1. Work out, step by step, the length gained on full extension between E191 and K162: first 0.36 nm times the residue separation, then minus their alpha carbon distance; give nm to one decimal.
2. Pick out, in residue order, every one of the trypsin sites (Lys or Arg not before Pro) in region 1-91 that is DSSP loop and has at most 16 other C-beta atoms within 10 Å; say none if there are none.
3. Scanning the chain for helices, which whole DSSP H stretches are 18 Å or more long along the axis (Cα) and average -0.5 or more by Kyte-Doolittle?
4. Among D49, D112, D75, which one shows the highest mean-square fluctuation when the chain is modelled as a Gaussian network with alpha-carbon springs under 10 Å?
5. Could you work out which residue, out of V68, V87, V56, moves most in a Gaussian network model of the chain, that is, has the largest mean-square fluctuation with Cα springs under 10 Å?
6. For Cα pairs less than 8 Å apart in space and 6+ apart in sequence, what is the mean separation divided by the residue count of region 2-224, i.e. the relative contact order in percent?
7. Charges on Cβ only, +1 for Lys and Arg, -1 for Asp and Glu, centred on the Cα centroid of the chain; of H72, G89, F160, which one is farthest towards the dipole's positive end?
8. What number, rounded to the nearest 500 deg cm²/dmol, is the helix-based mean residue ellipticity at 222 nm of the chain, given -39500 (n - 2.57) per DSSP H run of at least four residues and division by all its residues?
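Just so you know, all these numbers are worked out from the coordinates, no wet-lab data involved. The structure displayed is predicted, hence computed values, not measured ones. Note that each Cβ is placed from the backbone with ideal geometry, even for glycine, and that neighbours are counted across all protein chains shown.
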Amino acid sequence: MKIAISGTYSTGKTTTTLALAYYTGLPRTHAKTMREILPKALPGKKLEDATGPELVQLGFRRLMERAVRESHLEDFVSDGSSLHEWVYGMVRTELGMNPNEETDKGNIVLTDDLKYLKEVMINFGEVAKDYAKETYDSFIHLPVEFPLVADGHRPVSELFRKRSNDLLLETIQELSIPYYVVGGTITERLEKISEIYNLKPVMKAEEAINLARIELQKFIIDEEN
């Protein structure tokens, strides 16, 4: 079973994926975040300042890494999916190149550069969609239930977040990949997902969540260093 945990910013994808892996014993896989890739790909640059061509580079780097990691596993639970690589760039072509701005979609001025980038992202999307269709058996989509975490790592507006969430769901539906919307506390999510797939827990939910939070804290410390 190849399960992708879907959701936009601050929906708990990483915590849920880590906890589910501990809870069920399923291997966890992921791709580095764009901000993790950024120092090597675009030294000294902030993600929100990336140009259109640079966004395409970052998206392909993530997709390549994800594909390599997932190719070695028969079963897994993935933190995100190939669609997430594409959605970030696509929404920036819809709402403007600065994801922090609360811009009315109807007021976006489509410059020639933005029009060209949109065509590029549409075509990148075909690759991301084909990969998702051929790879994932189903999606667990986490709805927006929590406010954006003000940690400096999520430089997006609520409008950008909402559109990203909507586009993810629209695309999963377009591809006819089975999906389930699962909300609630992390404990409730683990129990619901295990029930959906008939997965037998290998430890208590509280223990799995604690281990996930310890591992997540290590990620944060590593990024800060």
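1. Working: separation 29, 0.36 × 29 = 10.44 nm, distance 2.63 nm.
Net length gain for the segment: 7.8 nm.
2. Numbers: sites: K2, K13, R28, K32, R35, K40, K45, K46, R61, R62, R66, R69; in loops: K32, K45, K46.
Sites meeting the loop and neighbour criteria: K32, K45, K46.
3. Values: long enough: 52-71 (28 Å, -0.45); 82-95 (21 Å, -0.06); 112-135 (35 Å, -0.63); 158-174 (24 Å, -0.76); 205-224 (29 Å, -0.13).
TM-like helix candidates: 52-71, 82-95, 205-224.
4. Of D49, D112, D75, the Gaussian network model singles out D112 as fluctuating most.
5. Among V68, V87, V56, the largest mean-square fluctuation in the Gaussian network model of the chain belongs to V68.
6. Working: 306 pairs, mean separation 76.4, N = 223.
Relative contact order of region 2-224: 34 percent.
7. So the residue we want is H72.
8. Working: 8 runs with 127 residues, N = 225.
Result for the chain: -18500 deg cm²/dmol, rounded to the nearest 500.
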